[in-house]
Amino acid sequence: MQGKLNVTYQLICDNDTHKEISLKEILQNEKIIKIIKSEYAKGIRNLALSSDNNETNIILSTEKERYSFEAQKKDFADLIELAEEDAKKRKLFKKGCDAVEIVDFKTL
């Protein structure tokens, strides 16, 4: 296989957050209801909040910076090792952030 890949990766850290909250759960929280009403319906009384789709999830996750590098197609099986080497070269690893996750790769 000849050609190149453009590989995008991000660091994985110990304190990364990923939490999914359903819209139904959010609309059951009294504090959230008060905030929504005060922001979008000031002065209006007797309002009820509802949603057509209670299966919608809100995702809270750590925002990550993404890094990219080029690799040969023949090195496809070693992409994680190559991404780790690239992160070491850039001195991205620090305490609590010592792994990488391949986010995307595209053929050039």
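Read the figures in this text as sums done on the coordinates, not as results from a lab. Quantities reported herein were computed from a predicted structural model and do not represent experimental measurements. Cβ sites come from the backbone with ideal geometry, for glycine too, and all protein chains shown count toward neighbours.
A few notes on this one:
- Computed lengthening from Ala99 to Ile35, 0.36 nm per intervening residue step minus Cα-Cα distance: 19.1 nm
- Residue-count net charge about Lys106 - beta-carbon cut-off 14 Å; Lys, Arg +1, Asp, Glu -1: +1
- Computed over neighbours whose Cβ is under 15 Å from that of Ile26, the net charge equals -1, Lys and Arg +1, Asp and Glu -1.
- The chain: most fluctuating residue of Arg90, Arg66, Arg45 per GNM, C-alpha cutoff 10 Å: Arg45
- Among Lys94, Lys31, Lys64: highest mean-square fluctuation, GNM of the chain, C-alpha pairs under 10 Å: Lys31
- Computed from the C-beta positions of Asp52 and Asp16, the FRET efficiency with R₀ = 41 Å rounds to 0.80.
- Highest-MSF residue in the chain out of Lys89, Lys42, Lys24 [GNM, Cα springs under 10 Å]: Lys42
- Distance from the C-alpha centroid of region 56-88 to that of region 1-32: 14 Å, rounded to the whole angstrom.
- Across the chain, C-alpha contacts under 8 Å between residues 6 or more apart give a mean separation that, scaled by the residue count, equals a relative contact order of 56 percent.
- Quarter of Cα convex hull surface for the chain, i.e. mean projection, nm²: 10.7 nm²
- Summary value for region 18-61: 72 percent relative contact order, contacts being C-alpha pairs under 8 angstrom separated by 6+ residues.
- Net charge of the neighbourhood of Asp14, taken over other residues with C-beta under 12 Å away and scored Lys/Arg +1, Asp/Glu -1, is 0.
- Unsatisfied cross-links (Cα-Cα over 31 Å) in the set Lys4/Lys89; Lys24/Lys64; Lys4/Lys64; Lys24/Lys95; Lys19/Lys91: Lys24/Lys95
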